[in-house]
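So the structure is just underneath, and the comments pick up after that.
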Amino acid sequence: MSPKTLYDKIWDAHVAHEADDGTCLLYIDRHLVHEVTSPQAFEGLRMTGRTVRRPDQTIAVPDHNVPTTLDRANAATMTEDSRVQVAALDTNAKEFGLHYYPVSDVRQGIVHIVGPEQGWTLPGMTVVCGDSHTATHGAFGSLAHGIGTSEVEHVLATQTLIQKKSKNMKVEITGKLAPGVTAKDITMTVIGETGTAGGTGYVIEYCGEAIRDLSMEGRMTVCNMAIEGGARAGLIAPDDKTFEYCKGRPHAPKGAQWEAAMGWWKTLYSDDDAHWDKVITIKGEDIAPAVTWGTSPEDVLPITAKVPAASDFTGGKVDAAKRAIEYMGLTEGMALTDIEIDTVFIGSCTNGRIEDLRAAAAVLKGKKIKEGMRAMIVPGSGLVRAQAEEEGLADIFKDAGFEWRLAGCSMCLAMNPDQLAPGERCASTSNRNFEGRQGFKGRTHLMSPAMAAAAALTGRLTDIRQLDA
Ligand SMILES: CC(C)[C@H](C(=O)O)[C@@H](O)C(=O)O
Ligand code: SF4
């Protein structure tokens, strides 16, 4: 047998049909659904009298539009558009018999946090969702990617997806990370190096000692941003940490089924002499705490750097940099640590898990955020919130001056009441810093939870390694 990558193995195990031109029909194991990209798909089913092929493998949860304030049950806190989308998901989930976590359910949260938490995401699976950050689930060694609304309808109706195979790319992070450096810094540094198009046409497998050393939470953070690097999906081979995380979750297999699954999961790694179409290697010790200065996730620099000059770039990037510096209200050559912020957002499917909250709490414990700062922590799910309360993290956040919210996408994108006002500048643990992403004319700097917490204390972008104890 010819050697295969992890991606090849999962792909081959799911091809239901291959056409002469290489287009394949892939079997889909899990279909995650949220309120933004599904209403038309369900409408399509209704109009043609079709049903959902595997409602037992289809999981729905509202996340993008839901307010995160304690009064969110009161519909007046939602815009009409948001209310209509969430109401449609309610109706569709019930009518088509899906697994559903409504706003009132403690398990509700961001779809990419709920899926793994409930044991829906497991190694070796194909996982899709009408959402680009489906890549998150690749942390389990599952082939997970975003799909468009017409594909959502196709998967609902048939439990299959038409796909062409991508190429194989290996991103290896060797050795150990330095203190203060996290999974977020890895994934941002990779994008800084490859650019937002570096992964186009590829499925990335992240490997190497620094990746192995990450917790499942950290691995999810890394895979979450594979899409910002242009890749179709990101993957990490499952290991004992993965199996340990999955074991005992509500929808993970049990008993003999668990043993059978483990038999397959243990074969899920790239063979030694597998073929890679592209390889990138970064030394773990070379990675510094990273922040973005511009309006694309590739506008990444170590926190010790300065805002670049547009003339540092070439080609079309000169104008892009000029525009980004202007939009962001920065001065060429200023130290990143001189950038003052007024808002801090800790949350999202990139960094809204318990480990992220622990990292923020470790920085904030016994301290107060800078006066006048608006700061919020939004757990990625109701269960993350409950756990953080149990561990005493919520009290640390509240004592420090943070708002402690209910679960949702929140300020990651401006689809709900949590938004930046024009000109406001945010230290954010989310994954996109596009113009207007967090609110019209809002300015976003992406970073890790520890770095965002440090920024909340000082009121400016701060090197976590320099923060006074
Ligand atoms: C709204 C949704 C379709 C979108 C996505 O696909 O990623 C959102 O989650 C985002 O992060 O921009
Ligand atoms: S948290 Fe942000 S990135 Fe994640 S699904 Fe929601 S909007 Fe998209």
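Structure summary
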{"quantity": "Considering residues of segment 211-250 that are among the basic types (Lys, Arg) and not in a helix (DSSP H, G or I) only, the residue nearest to ligand 2 (Cβ to nearest atom)", "calculated": "Arg232"}
{"quantity": "Residue pairs meeting the criteria (Cβ under 8 Å; at least 6 apart or on separate chains; first at negative phi, in segment 286-300; second at pLDDT below 95)", "calculated": "none"}
{"quantity": "Set Val171, Val155, Val114: member being within 29 Å of Ser215 (Cβ to Cβ), buried (at least 24 other Cβ atoms within 10 Å of the Cβ) and away from ligand 2 (no atom under 16 Å from the Cβ)", "calculated": "Val171"}
{"quantity": "Flag if Ala210 is more than 17 Å from Ile191 (Cβ to Cβ) and among the aliphatic types (A, V, I, L, M)", "calculated": "no"}
{"quantity": "Pairs where the first residue, in segment 30-55, is crowded, with 17+ Cβ neighbours inside 10 Å and the second is assigned to a helix (DSSP H, G or I) and among the acidic types (Asp, Glu), C-beta under 7 Å, 6+ apart", "calculated": "Ala41/Glu153; Gly44/Glu153; Leu45/Glu153"}
{"quantity": "Test: residue in segment 176-190 that is of a type in the set (Gly, Ala, Ser) and not assigned by TED's automatic domain parsing to the domain that holds Met216", "calculated": "no"}
{"quantity": "Some residue of segment 344-362 being assigned to a loop (DSSP other than H, G, I, E, B) and more than 15 Å from the chain's Cα centre (by Cα)", "calculated": "no"}
{"quantity": "Residue within segment 319-328 that is surrounded by fewer than 14 Cβ atoms within 10 Å (Cβ to Cβ), without any contact (Cβ under 8 Å) to a residue 60 or more places away in the chain and not in a loop (DSSP other than H, G, I, E, B) present", "calculated": "yes"}
{"quantity": "Among residues of segment 285-304, those that are surrounded by fewer than 21 Cβ atoms within 10 Å (Cβ to Cβ) and over 18 Å from Asn224 (Cα atoms), counted", "calculated": "6"}
{"quantity": "Residues (crowded, with 24+ Cβ neighbours inside 10 Å and either more than 20 Å from the chain's Cα centre (by Cα) or within 11 Å of ligand 2 (Cβ to nearest atom) (or both)) located in segment 421-439", "calculated": "Ser428, Thr429, Ser430, Asn431, Gln438"}
{"quantity": "Candidates Ile354, Ile396, filtered to the one that is surrounded by 15 or more Cβ atoms within 10 Å (Cβ to Cβ) and either under 19 Å from Ala183 (Cβ atoms) or modelled with pLDDT under 95 (or both)", "calculated": "Ile354"}
{"quantity": "Which numbered condition Asn65 misses (of (1) assigned to a loop (DSSP other than H, G, I, E, B); (2) without any contact (Cβ under 8 Å) to a residue 12 or more places away in the chain)", "calculated": "(2)"}
{"quantity": "Failed item in (1) crowded, with 19+ Cβ neighbours inside 10 Å; (2) within 16 Å of ligand 1 (Cβ to nearest atom); (3) farther than 15 Å from His445 by Cα, with Ala359 passing the rest", "calculated": "(2)"}
{"quantity": "Residue count for segment 341-356, restricted to those that are within 16 Å of ligand 1 (Cβ to nearest atom) and of a type in the set (Ser, Thr, Tyr)", "calculated": "2"}
{"quantity": "Residue match in segment 57-65 (condition: away from ligand 2 (no atom under 16 Å from the Cβ), more than 30 Å from Ala407 (Cα to Cα) and modelled with pLDDT of 95 or more)", "calculated": "no"}
{"quantity": "Meets criteria (within 18 Å of Ile110 (Cβ to Cβ) and within 16 Å of ligand 2 (Cβ to nearest atom)) for Gly442", "calculated": "no"}
{"quantity": "Among the candidates Thr295, Thr331, Thr281, Thr304, residue that is under 25 Å from the mean Cα position of the chain (by Cα), farther than 30 Å from Pro3 by Cβ and of a type in the set (Ser, Thr, Tyr)", "calculated": "Thr295"}
{"quantity": "Tally, over segment 83-116, of residues that are in contact with a strand residue (DSSP E or B) (Cβ under 6 Å, 6 or more places away or on another chain) and not hydrophobic (A, V, I, L, M, F, W, C)", "calculated": "4"}
{"quantity": "Those strands (runs of 3 or more DSSP E) lying entirely in segment 110-208 with at least 2 residues at pLDDT 95 or above and within 16 Å of ligand 1 (Cβ to nearest atom)", "calculated": "126-129, 143-146"}
{"quantity": "Leu32 being within 16 Å of ligand 2 (Cβ to nearest atom) and either of a type in the set (Lys, Arg) or in a strand (DSSP E or B) (or both)", "calculated": "yes"}
{"quantity": "Filter result (part of a strand (DSSP E or B) and either away from ligand 1 (no atom under 16 Å from the Cβ) or in contact with a His (Cβ under 9 Å, 6 or more places away or on another chain) (or both)) within segment 418-469", "calculated": "Arg425, Cys426, Ala427, Ser428, Arg443, His445, Arg460"}
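This table checks each residue for (1) farther than 23 Å from Pro417 by Cα; (2) in contact (Cβ under 8 Å) with a residue 40 or more places away in the chain; (3) acidic (Asp, Glu).
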| position | (1), (2), (3) |
| --- | --- |
| Pro102 | no, yes, no |
| Gly115 | yes, yes, no |
| Ala139 | yes, yes, no |
| Glu151 | yes, no, yes |
| Lys165 | yes, yes, no |
| Met188 | yes, yes, no |
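The values are calculated or read from the model by the stated rules, or taken from the named source; none is laboratory data. None of these values were measured; they are calculated from a predicted model. A quick note on method: Cβ atoms are made from the backbone with ideal geometry, for glycine too, and the neighbour counts reach across all protein chains shown.
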